[in-house]
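Q: After the structure tokens below, expect a handful of questions from me.
The values are calculated or read from the model by the stated rules, or taken from the named source; none is laboratory data. Remember, it's a predicted structure, so these values are computed and weren't measured experimentally. Here the Cβ positions follow ideal geometry from the backbone for every residue, glycine too, while neighbour counts run over all protein chains shown. All accessible areas refer to the heavy atoms of the entire protein, side chains included, with ligands and DNA or RNA removed. Shrake-Rupley method; radii C 1.70, N 1.55, O 1.52, S 1.80 Å.
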Amino acid sequence: GAVVSQHPSRVICKSGTSVKIECRSLDFQATTMFWYRQFPKKSLMLMATSNEGSKATYEQGVEKDKFLINHASLTLSTLTVTSAHPEDSSFYICSASGEETQYFGPGTRLLVL
Amino acid sequence: GESVGLHLPTLSVQEGDNSIINCAYSNSASDYFIWYKQESGKGPQFIIDIRSNMDKRQGQRVTVLLNKTVKHLSLQIAATQPGDSAVYFCAEKKNAGNMLTFGGGTRLMVKP
């Protein structure tokens, strides 16, 4: 149980385009989903917390207009990187939480050219 | 042994030996702790958790120890295998919500 999927697993896009990443909890309902960014050989950096049906809460320094988060259902959250630039290239990971434990997706590798 | 510097701390162990990965947490009010394993290019995988009202919890080949006096958490892996090679993160929950704060991570390398 507690399986979280992410799609796509890897994406390459041109600078200035937008990219959408989906996060799904496959076998449980997630009241809260989290989006993280991870740089090479570093720990996870929380970007935002989203609760189903409400606006996401962004961490300090994370631009909400650049990283759009939608959490339309208890099993799906999306992160859209708008007007992507090379510095947005990173490993993006979502997690889903029913109660306390967070279960992570496999991550999405984004490369902006 | 361990090395600390610009890179992740690394613990090298011989296959079959026991591994101990340590973590210091910051908030004495934290009431829930989790250990995650992250292999290269993948998302973190839940290993084991422990609540603050316990000082030890065992799973399959893994044991988590919690010392609240010194705010220290450790993960013990018995009979370490090559498949255990990964980065291990501890995480603490600081309040009534479900937001976690992650430690910096330790890379475990298992030598055959």
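Q: Just to be sure before I move on: is residue A:52 modelled with pLDDT under 95 and either open to solvent by 30 Å² or more (accessible area, probe 1.4 Å) or touching a Ser or Thr at 6+ places or on another chain (Cβ under 8 Å) (or both) in the structure I sent?
A: When the stated conditions are applied, residue A:52 passes them.
Q: Is it true that residue A:86 is open to solvent by 20 Å² or more (accessible area, probe 1.4 Å), at pLDDT 95 or above and not aromatic (Phe, Trp, Tyr)?
A: Yes: the conditions hold for residue A:86.
Q: Enumerate the strands (runs of 3 or more DSSP E) found wholly within segment A:16-113, keeping only those where 3 or more residues are touching a residue at least 24 places away in the same chain (Cβ under 8 Å), of a type outside the set (Asp, Glu) and closer than 20 Å to residue B:35 by Cβ.
A: Filter on segment A:16-113 gives A:32-38, A:90-97, A:102-104.
Residue by residue, here is whether (1) assigned to a strand (DSSP E or B); (2) touching a residue at least 12 places away in the same chain (Cβ under 8 Å); (3) at positive phi holds:
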| residue | (1), (2), (3) |
| --- | --- |
| B:37 | yes, yes, no |
| B:57 | yes, no, no |
| B:65 | yes, no, no |
| B:79 | no, yes, yes |
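Q: Here are some residues: B:50, B:77. Which one is open to solvent by less than 10 Å² (accessible area, probe 1.4 Å), within 15 Å of the chain's Cα centre (by Cα) and within 14 Å of chain A (Cβ to nearest Cβ)?
A: B:50
Q: Mind telling me which of the residues A:68, A:44 ends up being within 13 Å of chain B (Cβ to nearest Cβ) and modelled with pLDDT of 90 or more?
A: Just one listed residue meets the conditions, A:44.
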